[in-house]
Amino acid sequence: QVQLAESGGGLVQPGGSLTLSCAASGIMFSDGAMGWYRQAPGKQRELVADLNRGDFTRYANAVKGRFTISRDNARNLVYLQMSNLQPEDTARHYCRVPRAGQDYWGQGTQVTVSS
């Protein structure tokens, strides 16, 4: 059974930083692509960043230059390093792994940017 668990969210002031982690069981991040998504209240879930098997990365325009997605294959973890956070980054952040025609999602971790 595949399970994804995000952690690292919290309350941070504008301009601050956070690093989110996604841990997986039943699946290996190194086997394929994965991504970070976020959903703010009243808005659709959107892609933040993703990473394919060859470590090619893509970022939403809103986070380019501020966020970095990375993978630790030995620990089977994926990270999202977020810097210069702004109030518009406030959202629940989710880890997603597509495999064999199925989409696996974690429960998410809340990021709130406020002074």
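The values are calculated or read from the model by the stated rules, or taken from the named source; none is laboratory data. Note that the coordinates shown come from a computational prediction; the quantities given were computed from them, not determined experimentally. With ideal geometry, Cβ positions are generated from the backbone for all residues, glycine too; neighbour counts draw on all protein chains shown. Please note that ligands, DNA and RNA were not included when accessible areas were found on the heavy atoms of the full protein model with its side chains. Shrake-Rupley method; radii C 1.70, N 1.55, O 1.52, S 1.80 Å.
At-a-glance table
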| read-out | value |
| --- | --- |
| Residue in region 13-41 that is most open to solvent (accessible area, probe 1.4 Å), counting only those that are modelled with pLDDT of 95 or more and not in a strand (DSSP E or B) | 13 |
| Conditions (1) open to solvent by 40 Å² or more (accessible area, probe 1.4 Å); (2) touching a strand residue (DSSP E or B) at 6+ places or on another chain (Cβ under 7 Å): number failed by residue 52 | (2) |
| Enumerated strands (runs of 3 or more DSSP E) restricted to region 55-115, each holding at least 3 residues that are open to solvent by less than 70 Å² (accessible area, probe 1.4 Å) and under 14 Å from residue 45 (Cβ atoms) | 91-99 |
| Number of positions in region 12-56 that are over 16 Å from the mean Cα position of the chain (by Cα) and within 24 Å of residue 88 (Cα to Cα) | 8 |
| Looking only at region 42-78, and only at residues there that are among the polar types (S, T, N, Q) and closer than 20 Å to residue 3 by Cβ, the one that is modelled with the highest pLDDT | 76 |
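Residue by residue, here is whether (1) more than 13 Å from residue 79 (Cβ to Cβ); (2) in contact (Cβ under 8 Å) with a residue 24 or more places away in the chain holds:
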| position | (1), (2) |
| --- | --- |
| 18 | no, yes |
| 21 | no, yes |
| 28 | yes, yes |
| 31 | yes, yes |
| 48 | no, yes |
| 59 | yes, no |
| 63 | yes, yes |
